[in-house]
Amino acid sequence: MPRVALITGASRGLGLALARALAEKGWALVIDARGTEALEHARAELAGKAQVVSIPGDVSNDWHLQALVEAARELGGLDVLVNNASILGPSPQPNLAEYPLEVLEQVYRVNVLAPLRLIQLALPVLKPGACIVNVTSDAGVEAYPGWGGYGSSKAALEQLSHVLAAEQPEFKVYWVDPGDMNTQMQQEAFPGEDISDRLPPEASVPGFLTLFEGDLPSGRYKAREIGQKWQGIQGFRIALTVADFERAAHFYRDGLGLAVLEEWDRPDGRGLILDAGRATLELLDVPQVETVDRIEAGRRVSGPVRFALEVRRLEVAAQALQEAGAEVIHPPVRTPWGDHNQRLRAPDGMQITLFQVGNAKEPIS
């Protein structure tokens, strides 16, 4: 049975770009939009690749939201719910001092209350571990003159999402900023201006797919910062095996002037971690390398140079590297110092340690 996604506002812009990407992957789709003709064009395009149910209507109408959820139920339940539909309000955007309250009320009804109501209705048809994705904006966290109406509605949606994530830990709840895009809404926000320098919505799609298909924790994300499958590298380290530890330490620490971040001298070996700017350099004597290899790989496998990458999600990063051609040397292990590590070999033979620190918020699967 195919995975199922419900995407509001899917006749154009980001919503249509997301629907296209999921259709290519064989997902079944429930889509909506206010414009009947534009929605039918989208449905006809997508139907050649996936099962698509299109329901025209306004998300501020409760009967329409109920129809969307019923369609999802008939498809077997939802893996992903994307609250993408929203309205800008007046164009050009007025200052709050002149903002018509009856229009602001409608902005809140569409941008805040409708997403919440759809989530309420959809909870019974969400599959275990499903994603709830609320599309937000940097206007929800930054104070841009003239954006008080739209921006405050997105700020409300963000806080709503944050609380929902705390209340519904069985689901993954994301509030996602797609970035500035060359869309009709963006043009309406800047009437008469040339917005051709904005990226197309497709540039934000990979980040959303990472959330849909991965296991990142609930939270706020910028779509273009998570476009790679294993985005989340926290640190890069080069580990050197050195036969003459004192001489190497003198060279790198004193000669290059690299600051000492950590140093140890134990029965199983010596080690030194030096600050190398945007990376760290780790010096290990041979006994220490043998100890680390035994922990991570069960045997001595390292050469003189090894890369160590700190990642947020060990299993996601390891899977991505394997798909790119890496060979697994040993399954993941919990180290004596509390981290989760896995040793792999790159196609060129380079040894790579992936490590997720033991106090990371995200547990290893």
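The values are calculated or read from the model by the stated rules, or taken from the named source; none is laboratory data. The structure displayed is predicted, hence computed values, not measured ones. Heads up, the Cβs are rebuilt from the backbone with ideal geometry, glycines too, and the neighbour counts pull from every protein chain shown. We work out accessible area using only protein heavy atoms, side chains counted, and drop any ligands, DNA or RNA first. Shrake-Rupley method; radii C 1.70, N 1.55, O 1.52, S 1.80 Å.
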Of the criteria (1) open to solvent by less than 20 Å² (accessible area, probe 1.4 Å); (2) at pLDDT below 85; (3) over 23 Å from the mean Cα position of the chain (by Cα), which one A317 fails: (3)
Per-region count, segment 1-32, residues open to solvent by 10 Å² or more (accessible area, probe 1.4 Å), more than 20 Å from the chain's Cα centre (by Cα) and of a type in the set (A, V, I, L, M): 1
Residue under evaluation P347, criteria (1) in contact with a Gly (Cβ under 8 Å, 6 or more places away or on another chain); (2) open to solvent by less than 50 Å² (accessible area, probe 1.4 Å); (3) part of a loop (DSSP other than H, G, I, E, B); (4) of a type outside the set (D, E, K, R), criterion not met: (2)
Index of the failed condition, F307 passing every other in (1) in contact with a Ser or Thr (Cβ under 9 Å, 6 or more places away or on another chain); (2) within 14 Å of L344 (Cα to Cα); (3) of a type outside the set (A, V, I, L, M); (4) at pLDDT 90 or above: (4)
First in segment 63-75 and open to solvent by 30 Å² or more (accessible area, probe 1.4 Å), second anywhere and of a type in the set (D, E) and not in a helix (DSSP H, G or I), Cβ under 9 Å, 6 or more apart: A67/D32
Among residues of segment 191-209, those that are of a type outside the set (A, V, I, L, M, F, W, C) and either in contact (Cβ under 8 Å) with a residue 24 or more places away in the chain or touching a Lys or Arg at 6+ places or on another chain (Cβ under 6 Å) (or both), counted: 6
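Rundown of residues vs (1) part of a helix (DSSP H, G or I); (2) polar (S, T, N, Q); (3) modelled with pLDDT under 95, yes/no style:
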position: G15; (1), (2), (3): yes, no, no
position: D32; (1), (2), (3): no, no, no
position: H41; (1), (2), (3): yes, no, no
position: L46; (1), (2), (3): yes, no, no
position: V59; (1), (2), (3): no, no, no
position: A72; (1), (2), (3): yes, no, no
position: V80; (1), (2), (3): no, no, no
position: S91; (1), (2), (3): no, yes, yes
Qualifying residue in segment 130-141 (condition: closer than 12 Å to R220 by Cα, surrounded by fewer than 20 Cβ atoms within 10 Å (Cβ to Cβ) and among the charged types (D, E, K, R)): yes
All strands (runs of 3 or more DSSP E) inside segment 210-314 with 2 or more residues being open to solvent by 30 Å² or more (accessible area, probe 1.4 Å), in contact with a helix residue (DSSP H, G or I) (Cβ under 9 Å, 6 or more places away or on another chain) and hydrophobic (A, V, I, L, M, F, W, C): 260-266
Residue within segment 45-58 that is charged (D, E, K, R) and open to solvent by less than 50 Å² (accessible area, probe 1.4 Å) present: yes
Filter result (farther than 16 Å from V82 by Cβ and either outside any helix (DSSP H, G or I) or open to solvent by less than 10 Å² (accessible area, probe 1.4 Å) (or both)) within segment 142-159: E142, A143, Y144, P145, G146, W147, G149, G151, S153
Residues being among the aliphatic types (A, V, I, L, M) and either crowded, with 19+ Cβ neighbours inside 10 Å or closer than 25 Å to C131 by Cα (or both) - total across segment 186-209: 4
Candidate set from segment 162-184 (those that are among the hydrophobic types (A, V, I, L, M, F, W, C) and open to solvent by less than 50 Å² (accessible area, probe 1.4 Å)); member that is nearest to L126 (Cα to Cα): F171
